[in-house]
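The values are calculated or read from the model by the stated rules, or taken from the named source; none is laboratory data. Note that the coordinates shown come from a computational prediction; the quantities given were computed from them, not determined experimentally. Positions of Cβ are backbone-derived with ideal geometry, glycine not excepted, and every protein chain shown enters the neighbour counts. SASA here: full protein model, heavy atoms, side chains in, ligands and nucleic acids out. Shrake-Rupley method; radii C 1.70, N 1.55, O 1.52, S 1.80 Å.
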Amino acid sequence: MRIVPRYDLFFIAFYGLLIPGVGILVFGLTGQAVVLPFLPLMLAAYLLLALRKPWRYRRALNSPFPGEWREYLLSHSAYFRGLDQDGRLRFERDARLFLAGVRITGIGGQAAAWQTRLLIAAGAAIMLHGRPDWQPPLADGVTVYPGYSFDRNYRVERGNIAGQAPAGGPLLIAEESLKQGFADAGDGTNVLLHELAHFFDREMRKNGLKLRLRSGGAVAWSEIIAREWGRHDHGKSVLPAYAAQNEVEFFAVASEIFFENPWPLHAAHPELFEILQEFYQQDPRTILNGSELGAGHRQGLPRPASP
Ligand SMILES: [Zn+2]
């Protein structure tokens, strides 16, 4: 993650130059000097607004990462445990930026516990670890529901929805299911990673992402995943049956396993593994090898995924 994404930097510089440029042009054409004294004020007001978020990020990064947070990550994230020192520092930095930029609240705007917020940031840091240029596509933030689930009418502790990724809305997640996803590291299910995968998928379709695979030239992301879903033998898959629904669920379910238990996925479906590796620009096997998962939980097949 970046404090100021490249395209934002471009627009800030563009408008920063445009404001005095237009003022000087008006003066040149009309000879009216009345506009000139306002230019510095207008420029300052614009920069104050445009740089508000980067300033917040900078402030967050300048404060030390709390030891309590590091301990929590070490005891709750197998991925974080598997990283080397540099990797952990970058992960912590990404988590800080995420928390400074993404609004996470309980229902009705209630405050969410720091442990819950940190786990959500950890999920994003895991998925962005190989893609430092990507930003979390969560403009509407995250809403945390108490308990394990909610129903279609968003009533808490009812129904069986553990998380949801609505288009044009916040990511919704049930707090206890979020924790369970991290507690059962290596089982291949993690509702947060599943829902985040939906957001990344949607964002990259919108951005027209292309991947370059060994088997051919650059192909549009949406085309690659639809083709892979279509030719996947769902009857013999290590993915849960839920993945057969459509290419969108296929990708979200595969992403959970990719980050939690990549070995059986790689062994059974190497082409799908390569696609995910290209999409996320990382191979979690090399990271989880550094944690106890690399030696232990490789055999467990995934349980059915959350909606
Ligand atoms: Zn889904």
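Give L213, L209, L265 a once-over and let me know the one that is more than 16 Å from the ligand (Cβ to nearest atom) and modelled with pLDDT under 95.
Criteria check complete, one pass: L213.
How many residues are modelled with pLDDT of 95 or more, within 14 Å of the ligand (Cβ to nearest atom) and closer than 19 Å to R202 by Cβ if we restrict to the range 167-187?
Summing the residues that are modelled with pLDDT of 95 or more, within 14 Å of the ligand (Cβ to nearest atom) and closer than 19 Å to R202 by Cβ in the range 167-187 gives 3.
Out of the helices (runs of 4 or more DSSP H) lying entirely within the range 55-138, which hold 2 or more residues that are in contact with a Lys or Arg (Cβ under 9 Å, 6 or more places away or on another chain) and modelled with pLDDT under 95?
Output list reads 85-101.
Being on the phi > 0 side of the Ramachandran plot and out of contact with any Asp or Glu (no Cβ under 6 Å at 6 or more places or on another chain) is the filter here; which residues of the range 152-185 pass it?
Matches in the range 152-185: Y154, E157, G168.
Test each condition in (1) in contact with a strand residue (DSSP E or B) (Cβ under 8 Å, 6 or more places away or on another chain); (2) closer than 18 Å to E260 by Cα for G106 and report the one that comes out false.
(2)
Can you find even one residue in the range 17-28 that is assigned to a loop (DSSP other than H, G, I, E, B) and at negative phi?
no
Residues being within 22 Å of the chain's Cα centre (by Cα) and surrounded by 13 or more Cβ atoms within 10 Å (Cβ to Cβ): count how many of those fall in the range 207-222.
6
Quick one: which residue in N190, N160, N153 is more than 11 Å from the ligand (Cβ to nearest atom), at pLDDT 90 or above and open to solvent by less than 40 Å² (accessible area, probe 1.4 Å)?
Unique residue meeting the criteria: N190.
Looking at the range 25-44, which of the residues that are surrounded by 13 or more Cβ atoms within 10 Å (Cβ to Cβ) and farther than 19 Å from P54 by Cα is nearest to the chain's Cα centre (by Cα)?
M42
Being open to solvent by less than 20 Å² (accessible area, probe 1.4 Å) and either more than 14 Å from the ligand (Cβ to nearest atom) or closer than 21 Å to I225 by Cβ (or both) is the requirement here; does I120 meet it?
When the stated conditions are applied, I120 passes them.
For the range 268-291, does any single residue satisfy the condition of being modelled with pLDDT under 95, within 16 Å of the ligand (Cβ to nearest atom), within 22 Å of M204 (Cβ to Cβ) and open to solvent by less than 30 Å² (accessible area, probe 1.4 Å)?
No, because not a single residue in the range 268-291 is modelled with pLDDT under 95, within 16 Å of the ligand (Cβ to nearest atom), within 22 Å of M204 (Cβ to Cβ) and open to solvent by less than 30 Å² (accessible area, probe 1.4 Å).
Can you name every residue in the range 123-146 that is of a type in the set (G, A, S), touching a residue at least 24 places away in the same chain (Cβ under 8 Å) and open to solvent by 10 Å² or more (accessible area, probe 1.4 Å)?
Correct list: G130 only.
Within the range 236-256, does at least one residue satisfy the condition of being open to solvent by 50 Å² or more (accessible area, probe 1.4 Å), away from the ligand (no atom under 13 Å from the Cβ) and without any contact (Cβ under 8 Å) to a residue 40 or more places away in the chain?
yes
Could you tell me which residue of the range 193-206 is farthest from V253 (Cα to Cα), considering only residues that are open to solvent by 10 Å² or more (accessible area, probe 1.4 Å) and within 11 Å of the ligand (Cβ to nearest atom)?
For the range 193-206, the residue satisfying everything is F199.
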